[in-house]
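Some notes on the structure that comes next.
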Amino acid sequence: MLFYSFFKTQVGQQVTVELKNDLAIQGVLESVDQFLNIKLRDIHVVDPERYPHMLSIKNCFIRGSVVRYVQLSPSTVDTALLQDAARREAQSTQQMNQAKPNVAQA
Amino acid sequence: MSEPANKRTPTDFLNSILGQRVFVRLNSGIDYKGLLSCLDGYMNIALEQTEEYVDGELRNRYGDAFIRGNNVLYISAI
Amino acid sequence: MADTAAALTVEEPLDLVRLSLDERIYVKLRGDRELRGRLHAYDQHLNMVLGEVEETITMVDVNDEVQTQSLRSVNRTVPMLFVRGDGVILVSPPSRAA
């Protein structure tokens, strides 16, 4: 849930979503769900010469599984907060695994 | 009827080679040799003193390496 | 085990990644891509947020006439990057002094 929460804090920000097929789309993050599916508005493709289709598209929904990267603007990211959240998440998932001792018992 | 002689599971094997030098082949064909520090139920692997081989040639060394389990084809003790 | 000890030792592979938070790490990805950047967040899928990222993409140029191959790498930098975990092959922390 960490990155779902994180992307919710990015709603309204300009982001560039790079897909696994190399298409890169820049736009405003409109919404995100638990699968990290993404809705963008006011989009443009970063390399329109190579990807001339989509020129007429203003909004899109991107399935989370086809995303390779999302470029963010650093000023919108509180890195100290993120690191703390990551440590807390690591602790809680570890406790969940310990609650099921039959799984992966070393 | 007695119990089957071979009751050793793959997990028993993996636990028995913790701390040993192992050879890991990935689906991509890339090979790793290193000391097996630990692994988990996803077959994520932590290696120490890792050497990376591409087409059998040494390409890289890593002090520590985490390998994401979905890439693993097999692990063998060496 | 005490929390303090659990926080410092490597009991499961993901601990290697946890101990690399706020450190510059190396990430090997599918598609002959490599990243070097500061780890700000990760989860159990190996989704990550990295800062001050250098990406290297290695491409193979094939010359049909003389049947040779040459490797070409392209570099770029990204100030802040979310990386989807399913593309990750390997993560290596900076080498720590023992």
Can you give the FRET efficiency to the nearest 0.05 for B:E51 and A:D33, using r as the Cβ-Cβ distance and R₀ = 25 Å? 0.05
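Remind me, relative contact order of the range A:2-96 in percent, using alpha carbon pairs under 8 angstrom and six or more residues apart?
So the answer I get is 27 percent.
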Over chain B: helical MRE at 222 nm, DSSP H runs n ≥ 4 each giving -39500 (n - 2.57), nearest 500: -2000 deg cm²/dmol
Reference-scaled alpha-carbon Rg (2.2 N^0.38 Å with N residues) for the protein assembly as shown: 1.11
Just rank C:I89, C:I57, fewest to most, by other beta-carbon atoms within 10 angstrom. C:I57, C:I89
I need the phi-derived Karplus couplings for the range A:9-20: 6.51 cos²θ - 1.76 cosθ + 1.60, θ = phi - 60°, integer Hz, Gly and Pro marked x. 6, 8, 4, x, 8, 6, 9, 10, 9, 9, 8, 5
For A:K39, list the lysines whose Cα falls under 16 Å from its own Cα; do not include residues on the same chain fewer than 8 positions away. A:K8, A:K58
Whole percent per 10 Å bin, from 0 to the bin with the longest distance: what is P(r) over all C-alpha pairs of chain B? 19, 51, 19, 8, 3, 0
Report, in deg cm²/dmol and to the nearest 500, the calculated mean residue ellipticity at 222 nm for chain A, where each DSSP H run with n ≥ 4 adds -39500 (n - 2.57) and the sum is divided by the residue count. -9000 deg cm²/dmol
Which order do B:I78, B:I30, A:I43 fall in if you start with the one that has the fewest other Cβ atoms within 10 Å? B:I78, A:I43, B:I30
Give a residue-ordered list of calculated ³J(HN,Hα) values for the range A:40-57 (Karplus: 6.51 cos²θ - 1.76 cosθ + 1.60, θ = phi - 60°; whole Hz; x for Gly, Pro). 10, 10, 6, 8, 9, 7, 6, 10, x, 5, 7, 10, x, 5, 6, 4, 8, 8
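Work out, in µm²/s and without decimals, the Stokes-Einstein translational diffusion coefficient of the range A:2-96 at 37 °C, 0.692 mPa s, Rh from Kirkwood over C-alpha pairs. Please list the in-between numbers first.
Values: Rh = 14.4 Å.
It comes out at roughly 229 µm²/s.
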Summed side-chain charge close to C:R24 - residues other than C:R24 whose Cβ falls under 11 Å, Lys, Arg +1, Asp, Glu -1: -2
Along the Cα-to-C-beta direction of A:S92, a point sits 7 Å from the Cα; which residues of the range A:1-23 have their amide N less than 19 Å from that point? A:1-10
Let me spell out the model: positive unit charges on the Cβ of Lys and Arg, negative unit charges on the Cβ of Asp and Glu, origin at the Cα centre of the range B:5-77. What dipole size does that give, in debye rounded to 20? 240 debye
Cross-link candidates for C:K28: which lysines have Cα within less than 27 Å, leaving aside residues fewer than 8 places away along the same chain? A:K20, B:K33
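All of the numbers you see were taken from the coordinates with simple rules; none came from a lab. Keep in mind it's a predicted model, so treat the numbers as computed, not measured. A quick note on method: Cβ atoms are made from the backbone with ideal geometry, for glycine too, and the neighbour counts reach across all protein chains shown.
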